[in-house]
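What follows is a set of notes on a single structure, which appears directly below.
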Amino acid sequence: MSDDSDNAAGELFGALFMLMLVVAAVMLAIMALMSLGTLFGAGTALRNYGLSFANNVKPQRVVRP
Amino acid sequence: MTRTAEPEPAIKSYFFDKGYRDLGATIAESWKRNLASAAEHFDKVARGMPGELGDKALAILWGAAGISVVVFGTAVFLVASALHIVVLFLFFLLIYLGFSLVYLTERAYLTWKGFFPVCPDCHSKNPLAEYFCPQCGARHCRLIPSSYGILHHTCQCGEKLPATFFLKRGQLPSCCPDCKRQLETGHIESRKVFIPIFGGPSVGKSAFLFSVVSQLMEHTSRPGLDCSFLESRTEGELARARQQLSQGLAPEKTISTLPRAFNLKVQAAGRDPRVLYLYDPAGEAFNETEGLLLHQYQAYLSGLILLIDPFAIADVQTEYEERMADVREALKPSRLPVEVALSRILIGLEEHFGLGKGARIKVPVAVVINKIDAFDLEQKFGDAAGLVREQLQIWDAGVVQQLETRCARLRFFACSALGRMPDGSAQPFAARGVLEPLLWLLGEADSVFASEREKAA
């Protein structure tokens, strides 16, 4: 009787452990994707500022008649 | 005089003008680009979420990227803008310090040299003339080290103009800020001596002016002293007057009560040239006290010549009454009594040109008795200044007393601006004694001419 209950508990822990591993893997994947996204977004923002700077910051030009 | 600040026809320094417009445009454009990027990423999220697992994963990536673009975009543009502002402000400060330093150095140097623009026409004294662009003719009212440039201003036509005395700004065409008449370099960048010839109508001021200038040109034609014209106009005027004098014709009477200065450039060897401003106002200006109101040069006089017609003095008229009857037309005695002319000069100076009530005139005053060629006056005066004073004292003690009370540096002279009575003959006029008063005044007014004063004495 006690052997059966020990086995069931072991299986439950095993299943829970496996579930935790899966959840952790999914979370890790999501976090990795989010980090990647964040880096990409930051890069985009920096590139946007650079492009805007290049487009707008120019020395004054004299138009000779 | 207050002037509305007109915008200069020049291009302002980038760090005082366009830099800030560029900063604003950069911020606005980067913010627009961030919003567009974020919207694009969020669109991808909306398209990916209902799909397969792989699409969902990508949707997460794009969602994070969209949020990040907004968050980091804001942070990036805040940090970048702050950096941009700091850089702009640093350059702004550097340029501000640069032009302030150059401007103050220039002002100090010009003050030390005694250089300031004085208009020979309207007589206004200004700290700065207005300059014209030699390329397009645009008028630059404030061609000084400023936010338009430290050493040069760039005209809107693209021409680079020197913005400081040290870079020969004075060689640009220029005009008076008040009357807009053309100025020569000498009217601006030179030490000046201002001497008006005062006296009532018909005392012989014009004849005195042309005779003294003519003699000064001859006097300075020797080594060590150089006298030249500042403008061709003046040269032409003197040439005409000389021709008239050589033909026995008296110079034409001055009509304008507000005279244009007669300029000459006088340079002693090894010294900076001085520009002489001689003024010959019409005698009618002395007919009323307010007649001298517009004669702004009285505010910055270097000396004064008071020309006296002895035949305007009552005692002289009585003494020579019989002999004058035949030559009255040629003699043209002034109808304005000397004491009246003197009082009007003094009242004018007191009311409009800062002379204290009853105070003494600090600049040297040469009192010159003209027309001594008439009758036996020359024998009465002799050569010594003391004799001139004594004779004037005999004729009009009141005038001598008033002169000595009100003038701190005074000297008496006698001259004949024409050299003889204008009797209609073509015999040339040859002035006598006209140069000494001017040389004495120059020596008193400016140490450069001290040796000339000694020679004259």
Kirkwood Rh, angstrom, region B:122-235 [1 / mean 1/r, Cα pairs] = 16.8 Å
Ignoring ligands and nucleic acids, B:Lys332 exposes an accessible area, probe 1.4 Å, in Å² to the nearest 10, of 120 Å²
Give the accessible surface of region B:285-332 per residue, rounded to a whole number of Å², with probe radius 1.4 Å and ligands, DNA and RNA excluded.
-> 47 Å²
From highest to lowest solvent-accessible area (probe 1.4 Å; ligands, DNA and RNA excluded), B:Ser256, B:Ser232, B:Ser206 read B:Ser232, B:Ser256, B:Ser206
Can you give the average number of partner chain beta-carbon atoms within 10 Å of each beta-carbon in peptide B:276-289, as a whole number?
-> 0
Could you give the nm distance between label points at B:Glu351 and B:Leu35, where each point is 7 Å from its Cα heading toward the beta carbon?
-> 7.0 nm
Computed E for B:Leu78/B:Lys160 - FRET, C-beta separation, R0 30 angstrom, nearest 0.05 = 0.20
Against the longest alpha carbon principal axis of chain B, how many degrees, from 0 to 90 and to the nearest 10, is the axis of helix B:321-331 turned?
-> 40 degrees
With every protein chain present, what accessible area does A:Asp3 have (1.4 Å probe, heavy atoms only), rounded to the nearest 10 Å²?
-> 100 Å²
Compare B:Arg233, B:Arg47 by solvent-accessible area with a 1.4 Å probe and give them largest first, with all protein chains kept in place.
-> B:Arg47, B:Arg233
Expressed in nm to one decimal, what extension gain is obtained for the pair B:Ala426 and B:Ala408 from 0.36 nm per residue of sequence separation less their Cα-Cα distance?
-> 2.2 nm
Heavy-atom accessible surface that A and B bury in contact, both chains counted, 1.4 Å, Å² to 100 | 2500 Å²
Label point distance in nm, B:Arg107-A:Leu12, each placed 7 Å from Cα along Cα→Cβ = 9.2 nm
May I ask you to work out the translational diffusion coefficient for region B:282-434 at 10 °C, viscosity 1.306 mPa s, via Stokes-Einstein with Rh from the Kirkwood sum over Cα pairs, reported in whole µm²/s?
-> 97 µm²/s
Principal axis dimensions, the protein assembly as shown - Cα atoms, whole angstrom, descending | 167, 46, 41
Tell me, what is the 1.4 Å probe accessible area of A:Met18, in Å² to the nearest 10?
-> 110 Å²
Between the Cα axis of helix B:397-406 and the main Cα principal axis of chain B, the angle (0 to 90°, nearest 10) is 20 degrees
Folded to 0 to 90 degrees: helix B:435-445 orientation relative to chain B principal axis, Cα = 40 degrees
Expressed in nanometres to one decimal, the distance between label points 7 Å along Cα→Cβ at B:Asp272 and B:Ser100 is 2.6 nm
Length gain on complete extension for the stretch B:Arg323 to B:Cys122, per 0.36 nm per residue less the alpha carbon to alpha carbon distance?
-> 68.1 nm
Could you compute the FRET efficiency for B:Ala46 and B:Ala138, with r as their C-beta to C-beta distance and R0 at 60 Å, rounded to 0.05?
-> 0.55
Sulfur and carbon atoms: percent of accessible area, the protein assembly as shown [1.4 Å] | 61 percent
Tell me which lysines have Cα within less than 19 Å of B:Lys125's Cα, excluding those fewer than 8 residues away on the same chain?
-> B:Lys113, B:Lys180, B:Lys192, B:Lys265
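The values are calculated or read from the model by the stated rules, or taken from the named source; none is laboratory data. Note that this is a predicted model, so its numbers are computed, not measured. When we count neighbours, we look across all protein chains shown, and the Cβ atoms used for this are built from the backbone with ideal geometry, even at glycine. Quick note on the areas: whole protein, heavy atoms, side chains included, nothing else; ligands and nucleic acids left out. Shrake-Rupley method; radii C 1.70, N 1.55, O 1.52, S 1.80 Å.
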